[in-house]
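Below is one structure, written out as structure tokens; the observations come after it.
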Amino acid sequence: MSDHSNKAQTGKNVVIEKDVEIGNNVVIGHNTVILNGTSIGDNVKIGANCVIGIHPEGNETMRNNVQNIHPLTIKNGTKIGHLVSIYAGTLVGENVFIGDLASIREHVLVGDETVIGRSAVVERNSSIGKNCTIQTQAYVTGDTILENNVFLGPNVSMSNDKYMGNQAYTLRGPSIKQGAKIGNNASLLPAVQIGENAVVGAGAVVTKDVESGLVVTGVPAKVKA
Amino acid sequence: MSDHSNKAQTGKNVVIEKDVEIGNNVVIGHNTVILNGTSIGDNVKIGANCVIGIHPEGNETMRNNVQNIHPLTIKNGTKIGHLVSIYAGTLVGENVFIGDLASIREHVLVGDETVIGRSAVVERNSSIGKNCTIQTQAYVTGDTILENNVFLGPNVSMSNDKYMGNQAYTLRGPSIKQGAKIGNNASLLPAVQIGENAVVGAGAVVTKDVESGLVVTGVPAKVKA
Amino acid sequence: MSDHSNKAQTGKNVVIEKDVEIGNNVVIGHNTVILNGTSIGDNVKIGANCVIGIHPEGNETMRNNVQNIHPLTIKNGTKIGHLVSIYAGTLVGENVFIGDLASIREHVLVGDETVIGRSAVVERNSSIGKNCTIQTQAYVTGDTILENNVFLGPNVSMSNDKYMGNQAYTLRGPSIKQGAKIGNNASLLPAVQIGENAVVGAGAVVTKDVESGLVVTGVPAKVKA
């Protein structure tokens, strides 16, 4: 990779800040902004009106250790839609697909071949494996682990704060093991563990760990009879 | 309709690609992008920072028959908010209202007078009737049919993949008949049919067909006693 | 505050319309649009590709009394993310944080120190107190009141139309008293009142008022045994 000026096919009004590295055969849509230091691999396609490589603000009340953050890296073959925001400190793997209006925060890993749907949000410090599907409007809270081949249906919701701000608590999102599938609009509580190949039904509210291979449904979620 | 250069009132940094047709008395907000071949009727208003007429990427694992797709058509009198994305192959009818941050994919029909709320997403191959209301953050999955006068409350969720990627399955979204009303944050499973003028309560999880005129609530949804 | 030309640090392709007032030490990201008459206090930071100070369209079927609306005011020290839309007629207090892809409509009050998460939507005529937390993808319907120190978890859903468009009805959103906490993906029905320091569990569907200090869970929500 080298300077962007002779390789990328960029749209109109594109803003590319300094120290951006852009690989071969990259396409960047109109009005998209690529911020300081971002590294973009070969054959990456980015849509219009995106904001890529954002350095997080340090003024939130919690966890503002955002000094010296690594730049965003996007690896070869990844396709990013339109109106997307992605933060610095994050690594997006190869051949990932990210839908329109999605947002991915800092210190996130996104594994190769994973699909992140439209308007989905992935919060900071989360790790997403390879070949996962995170469908439209799904929400991955901070400090969450998805192993490989996990499926999150549309509108899946999670939280990572057991006391909703009321007490000191080490934030901890769900941990979802390989091959597990979460139905649309299901809710996962903080720190629950979903075992390998387990299935959570649509609209279920998961308050306790789910063992590998089991199917749970309902509010609260119970093993399906 | 004819060339855009002498008719539309366009904001700053607007990008209009080739073969775009723009009717009379059209307003296009700052930084909006109108892509190749899009056809825009009379009295249409489009907000700022939108991306309109997107040709879908062919690199997803499924259903990439996106060659020779028709351009996007937006009919007379329709108003589109800000930060909206709409795809090619879609027809948006007359006097439709589309809220900020909404996204509408390819091969969708949106009937006249319909309202699509902020941050709502309509996936591909879906058909939405006339005078429907799709409220804020609601989700219309792919291969879904909404007849006329359907009401989807905020955050309604749907899915169209019974096996969540695990088996071959012909994707099939819900089918919602004329005048049916779905309460906020209800979840509809793949292929369920909601009868004419039926009502689904807020937060209900609909796992089976609902007959015309009935009211269902709960998880799983049952006819209200 | 005075003219913007000598004070704000503005990115590329920024559009600032007439009669905009900008305080000292303001930063405005690339491709952001600041519309007519908006007033921005000192030390405000606005990200890229935002649309700020939008005058609402009057063509919706209901409540189009949007003539002579006051401009948007954003007070000192507030930080706004990227791809955000905010409307005229609204007052955003001091040191507020608004995440990426959020939208705030007209005639809204946002109290000092409040956090509004990514992709959250706040509809018109709502009042949000000081030091509230509205997490990612949460939805505040129109005509809603949040007192101070209220916590809405991610994906909280509300509605304000009891008859879903079927009958004349004075729209009325929930009323959430000081210190109440609503768990992720909970659903609140129109006009329900949540008492001081009450707690609503994740995924609960609240159909009736909740008394102060109580904890409710389930569908429909009941006091936890």
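The table below lists the values:
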{"read-out": "Among beta bridges that DSSP assigns inside chain B, antiparallel share in %, nearest 5", "value": "5 percent"}
{"read-out": "Chains A and B together, accessible area buried on both sides, 1.4 angstrom probe, square angstrom", "value": "2600 Å²"}
{"read-out": "About the Cα centre, charge dipole magnitude for chain C (Lys/Arg +1, Asp/Glu -1 at Cβ), debye", "value": "500 debye"}
{"read-out": "Convex hull of the stretch B:66-144 built on C-alpha atoms - directionally averaged projected area, nm²", "value": "4.3 nm²"}
{"read-out": "5 Å-binned pair-distance histogram of the stretch B:93-225 (Cα, whole percent)", "value": "3, 12, 22, 27, 19, 12, 5, 1, 0"}
{"read-out": "Within straight-line cross-link reach of B:Lys7, lysines at Cα separation under 27 Å, skipping those fewer than 8 residues along the same chain", "value": "A:Lys12, B:Lys18, B:Lys45, B:Lys75, B:Lys79, C:Lys18"}
{"read-out": "Count of Lys pairs (Cα-Cα under 19 Å; at least 8 positions apart or interchain) in the stretch A:120-225", "value": "10"}
{"read-out": "Pseudo-label separations to other copies for A:Lys208 - Cα-to-Cβ vector, 7 Å, nm", "value": "2.8, 2.8"}
{"read-out": "log10 of Debye I(q)/I(0), alpha-carbon scatterers only, for chain B at 0.08, 0.17 Å⁻¹", "value": "-0.30, -1.11"}
{"read-out": "Principal semi-axes in Å for the stretch B:155-219 [√(5λ), Cα gyration tensor, largest first]", "value": "21, 13, 9"}
{"read-out": "Simple label model, 7 Å out from Cα along Cβ direction - B:Tyr169 to C:Gln9, nm", "value": "5.1 nm"}
{"read-out": "Cα lying deepest toward the dipole's positive end in the stretch A:141-225, options A:Ala221, A:Ile176, A:Thr144, charges on Cβ", "value": "A:Ala221"}
{"read-out": "Across the identical copies, how the B:Glu17 labels are spaced - nm, sorted shortest first, 7 Å along Cα→Cβ", "value": "2.8, 2.8"}
{"read-out": "Ascending list, in nanometres, of distances separating the B:Lys224 label from those of the other copies (7 Å, Cα toward Cβ)", "value": "2.8, 2.8"}
{"read-out": "q = 0.13, 0.14, 0.18, 0.19 Å⁻¹, the stretch C:8-112: log10 I(q)/I(0) [Debye, one scatterer per Cα]", "value": "-0.41, -0.47, -0.78, -0.86"}
{"read-out": "Accessible surface, the stretch A:120-225, averaged per residue in Å² (probe 1.4 Å)", "value": "37 Å²"}
{"read-out": "Point-to-point label distance, C:Ile69-A:Val27, nm (Cα→Cβ direction, 7 Å offset)", "value": "3.6 nm"}
{"read-out": "Spin-label model distance (nm) - A:Asn148 vs A:Glu57, 7 Å beyond Cα toward Cβ", "value": "3.9 nm"}
{"read-out": "20 Å binning of all Cα-Cα separations within the protein assembly as shown, expressed as whole percents from 0 upward", "value": "21, 58, 21, 0"}
{"read-out": "Charge dipole magnitude, Cβ of K and R +1, D and E -1 - the protein assembly as shown, Cα centre, debye nearest 20", "value": "1120 debye"}
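The values are calculated or read from the model by the stated rules, or taken from the named source; none is laboratory data. Please read all numbers here as calculations on a predicted model, not as lab measurements. Because the Cβ atoms are built from the backbone with ideal geometry, glycine has one as well, and the counts that use them run over all protein chains shown. These area figures cover heavy atoms from the full protein model, side chains too; ligands, DNA and RNA do not enter into them. Shrake-Rupley method; radii C 1.70, N 1.55, O 1.52, S 1.80 Å.
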